[in-house]
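In what follows, a single structure is set out as structure tokens and then discussed.
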Amino acid sequence: MNIRVVKNNHPSQKPVADQSLSFGHIFTDHMFLMNYEEGRGWFDPRIVPFGDLSLSPAAMVLHYGQEMFEGMKAYPGKNGEAYLFRPDMNAKRSNSSCDRLCIPRIPEEDFVQAVEALVDVDRDWIPTAPGTSLYIRPFIFATDPFLGVAPSRTYLFCIIASPSGAYYQSGLAPVKIWIEDEYVRAVRGGMGYIKAGGNYAVSLIAQVKAHDDGYSQVLWLDGVERRYIEEVGAMNIFFKINGTVLTPMLNGSILPGITRDSVLHLCRQMGLPTEERRISVDELIAAAKDGSLEEIFGTGTAAVVSPVGHLRYKDEVLTVGNAQIGPLTQKLYDTLTGIQWGLRDDPFGWRVTVPHRFG
Ligand code: PLP
Ligand code: COI
């Protein structure tokens, strides 16, 4: 893929204090764009100054939500390198999202090349304070000006990047999670297993309700029996019960998280027993009550490894591990971020150095 670059002649002021960065408010000087037209395929890959997009009010994405996105991060190395973490996994998952939404695929190597090129051009924007990173948001949406319900014939692939701090305002402090028993997020056969904007739109009502009660996020139950644990709004969920690390199996309605997969590898490498299976909310509450529930944490690109300190289900509030960060949660956070930042060995070959081409 031949990417042309139009440099931004009016660069923005970079954040001065990296350590006070919040999540997702500031954007770098450039963005990646590539168009698609039926019969022509993907064309004109380019990096241009970050700015507003122009779109017909009839663009199909605005009416029927044909849109998918990805979430990744770039991390700074000790000697000025920029690292990505398992970008091939995002490229693969992006195509699985495209398939489900009838969006044309992007070859995996082109997806990774586009992300690398934007990070290369904006490499000076990668923050260096602990806990910060350059959050990368690739997304594709339907642009055809047409009100019929059908797959669009034109699309835009866009990548933007945002120097960001911790996803939760509390940083690496235990979060409070609300187990939702009224609304559901996804069912098998739907699109819970992909990253589509619509999955997040449908979750807002429960998240607002949880926030109003002082909870950071919602833990979703399965959409049929409302009994089995699925995942949290922006992360997969793990439990340590009686020494075993448990996480819900990939059943078609939860996102196959890249951090989830990485944490499972790390736990197995540490010699811990792991199980991917159905976990009912009753099993969880029983474990909390009999003292066998040792730790709960969520995993995600934005959330990294986040300890969960409180769980609310109906009228019950459970406190997990005295609402402190558990030793396994801390160890996984340190190991994962150590690999991502180039501070530890990378036995699985997950860390990718962004080549210097444009930056
Ligand atoms: N589940 C949901 C609903 C998410 O939005 C995310 C975030 O991307 C995750 C899980 C974790 O996925 P990953 O580890 O690939 O970021
Ligand atoms: C990510 O972790 O990359 C996500 O996409 C979560 C997001 C919805 C903030």
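Sites counted here are GluC sites (Glu not before Pro) in a DSSP loop (not H, G, I, E or B) having no more than 13 other Cβ atoms within 10 Å; the longest part of the chain that contains none of them is 39-181.
Counting only other residues whose beta carbon sits under 10 Å from that of Val184, what net charge do I get with K and R as +1, D and E as -1?
Details: positive: Arg185, Arg226; negative: Glu180, Asp181, Glu182, Asp222, Glu230.
Combined, the nearby Lys, Arg, Asp and Glu give -3.
Based on the Kirkwood approach, the hydrodynamic radius assigned to the chain is 21.3 Å, with every pair of different Cα atoms included.
From helices alone, the chain scores -7000 deg cm²/dmol at 222 nm; the rule is -39500 (n - 2.57) for each run of n ≥ 4 DSSP H residues, then divide by the residue total. Model label points for Glu81 and Arg188, set 7 angstrom from Cα along the Cα-to-Cβ axis, are 4.2 nm apart.
Set the Förster radius R0 to 25 Å, insert the Cβ-Cβ distance between Met270 and Asn242 as r into 1/(1 + (r/R0)^6), and round the FRET efficiency to 0.05.
Details: r = 16 Å, r/R0 = 0.65.
Between Met270 and Asn242 the formula returns 0.95.
Taking 2.2 N^0.38 Å as the expected size of a compact globular protein, what ratio does the Cα radius of gyration of segment 175-325 give against it, to two decimals?
Values: Rg = 14.2 Å, N = 151, 2.2 N^0.38 = 14.8 Å.
Its radius of gyration relative to the 2.2 N^0.38 Å reference: 0.96.
Could you list, in their original order, any pairs among Lys7/Lys92; Lys14/Lys331; Lys7/Lys73 whose Cα atoms are separated by more than 25 Å? With Cα atoms farther than 25 Å apart: Lys7/Lys92; Lys14/Lys331.
For Val245, Val202, Val308, which order do you get if you count the other beta carbons within 10 Å of each Cβ and list the fewest first?
Least to most surrounded, the residues fall as Val202, Val245, Val308.
Using only alpha-carbon positions, what ratio does the radius of gyration of segment 57-195 give when scaled by 2.2 N^0.38 Å? Intermediate results must be reported in sequence, preceding the final value.
On the way: Rg = 17.5 Å, N = 139, 2.2 N^0.38 = 14.3 Å.
For segment 57-195, the normalised Cα radius of gyration comes out at 1.22.
Summing +1 for each Lys or Arg and -1 for each Asp or Glu among the other residues whose beta-carbon sits under 12 angstrom from that of Asp122 gives -1. Available extension along the chain between Asn322 and Val6 is 108.5 nm, counting 0.36 nm per residue and deducting the alpha carbon span.
Sparsely packed loop sites in segment 1-94 (the trypsin sites (Lys or Arg not before Pro) outside DSSP H, G, I, E and B with at most 13 other Cβ atoms within 10 Å) comprise Lys7, Arg40, Lys78.
The numbers here are math on the coordinates, done by the rules we state, and not lab data. Fair warning: this is a prediction, and the values are worked out from it, not measured in the lab. Ideal geometry is used to build each Cβ from the backbone, glycine not excepted, and the neighbour counts take in all protein chains shown.
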